[in-house]
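Structure first, then comments.
The values are calculated or read from the model by the stated rules, or taken from the named source; none is laboratory data. Values in this document were obtained by computation on a predicted structure and should not be read as measured data. Don't worry about glycine lacking a Cβ; one is built from the backbone with ideal geometry, like all the others, and counts go over all protein chains shown. Each accessible area value is taken on the protein alone, full model and side chains, heavy atoms only, with ligands, DNA and RNA left out. Shrake-Rupley method; radii C 1.70, N 1.55, O 1.52, S 1.80 Å.
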Amino acid sequence: MIPLAVPNLSGNEGRYLQEAVDSTFVSTVGPFVTRLEEMVAASAGAVGAVATSAGTAALHAALLAVGVRPGDLVVMPSFTFIASANAIAHCGATPWLVDADPFCWTMDPHQLETLFEQEAEIIGNAVYRRACGRRVAALLPVFTLGMAPDMEAIAAIAARYGLPIVADAAAAIGVRSGGEPVSACADLVCFSFNGNKTVTAGGGGAVAGRDADLLKRVRHLTTQARVSADYLHDMVGYNYRMTNIEAAVGVAQMEQLDTFLAAKRRIRRVYDTAFRGMPGVELFPEITEDENVCWFSGVVLDADLHPPVKTVCELLKEAGIEGRTFWRPIHTQPPFATAPHGPMDVVNALWGRVLTLPCSTSLTEAEQFDVIEALSGILRRTV
Ligand SMILES: *Cc1c(COP(=O)(O)O)cnc(C)c1O
């Protein structure tokens, strides 16, 4: 079976794990945690980073740190993994969902602008959604599939309304935005080291940023809001720290970041070349290389010409290949059915047609050839 995406542990992972065990530093303090934080900060062009127990925890702590409170709204795209919305709910806040840009599937600044102009109002130094009177506390753009949204346009809107930006770049480590390191485009940027991401630590996440005080607040929140070693805590905090065991794997993975990103982009280019022009098949969005880390690859199938993606996946499975459907938008998820949202034309027409294909960084040329042959055969047969 050629799997969809499996970790590539061909570097120093085993050695560093053994080092962590030998040192007895297996828990939430240790040199690998510090090294991973430095590596994440360097890759994001940030002044620092805080390693966390998950990407979701990173998002939650970041949203709290920028001031999201119970009852608030946070504007985010509907086309994302549910963790982005869950992190908002963990703050006691509610997502205000927007559609996707048809070209890059990420937050559409034009739609965002229209939404604010038509449905929000500034009172004092805060902005409110008129229909419900709730305060809008932050913007949460998502680096969908590892692609940077138009952060310059989003930042301009955020500045106009005095809103902080927490970027969900969970699957986009190594990405740049507008020619700059990613931390330049948001107040805080969150990453995930879950097993299906390009760089994994088994699990875990990180928050990077350009403001040392804000990062200090994030670290405080993730360490039980501990003030001093004699058990004084000044607020309700969280145990969101990453362990040294996880960080040992994460450091070994970060050492291979450039190799991994090159592999992901190579895989994307090969699929694009193979499927470009095939009837009823669209490619994944193509944006400038440094703004797209090509986390997942695949194709978009025309619903009239081809069988449902699920059926195609079953046919691929018979050929020993794992293909999958992709994110179901947040506005269709039961826990967020009542979250306010604008029109969803792009997302509604898109999500059910996305087919993700094997894209592990260890995928061989021969394996990818087999995937292309199998899928081409299925699509020709079913047209
Ligand atoms: C993976 C992912 C997350 C969640 O990260 P975890 O480490 O699994 O908690 C959040 N948002 C997006 C866009 C993701 O892809």
Out of 61, 42, I need the residue that is within 16 Å of the ligand (Cβ to nearest atom) and modelled with pLDDT of 95 or more. Which one? 61
Restricting to segment 105-117, name every residue that is touching a residue at least 60 places away in the same chain (Cβ under 8 Å) and assigned to a loop (DSSP other than H, G, I, E, B). 105, 108
For residue 178, work out the one condition from (1) at pLDDT 95 or above; (2) open to solvent by 20 Å² or more (accessible area, probe 1.4 Å); (3) more than 16 Å from the ligand (Cβ to nearest atom); (4) closer than 27 Å to residue 282 by Cβ it doesn't fulfil. (1)
Members of segment 55-82 found to be surrounded by fewer than 21 Cβ atoms within 10 Å (Cβ to Cβ) and touching a helix residue (DSSP H, G or I) at 6+ places or on another chain (Cβ under 8 Å), listed by number: 82
Any idea which residue in segment 327-339 is nearest to residue 130 (Cα to Cα), counting only those that are open to solvent by less than 20 Å² (accessible area, probe 1.4 Å) and assigned to a loop (DSSP other than H, G, I, E, B)? 339
So which of 131, 169, 158, 186 is at pLDDT 95 or above, away from the ligand (no atom under 15 Å from the Cβ), among the aliphatic types (A, V, I, L, M) and open to solvent by less than 10 Å² (accessible area, probe 1.4 Å)? 158
Give segment 193-234 a look and list any residue that's under 20 Å from residue 175 (Cα atoms), more than 10 Å from the ligand (Cβ to nearest atom), of a type in the set (A, V, I, L, M) and in a loop (DSSP other than H, G, I, E, B), or say none. 199
Residues that are open to solvent by 20 Å² or more (accessible area, probe 1.4 Å) and either within 19 Å of residue 240 (Cβ to Cβ) or assigned to a helix (DSSP H, G or I) (or both), drawn from segment 142-155: 152, 153, 155
Unmet criterion (only one of (1) in contact (Cβ under 8 Å) with a residue 12 or more places away in the chain; (2) within 27 Å of the chain's Cα centre (by Cα); (3) assigned to a helix (DSSP H, G or I)) for residue 286: (3)
Just to be sure I understand, how many residues within segment 243-273 are open to solvent by 40 Å² or more (accessible area, probe 1.4 Å), closer than 30 Å to residue 300 by Cα and among the hydrophobic types (A, V, I, L, M, F, W, C)? 2
The lone condition residue 343 fails out of (1) modelled with pLDDT of 95 or more; (2) outside any helix (DSSP H, G or I) is (1)
Can we say residue 32 is farther than 26 Å from residue 362 by Cα and of a type in the set (Phe, Trp, Tyr)? no
Could you run through segment 161-172 and say how many residues are within 17 Å of residue 53 (Cβ to Cβ) and either part of a loop (DSSP other than H, G, I, E, B) or free of Cβ contacts under 8 Å to residues at least 24 places away in the same chain (or both)? 1
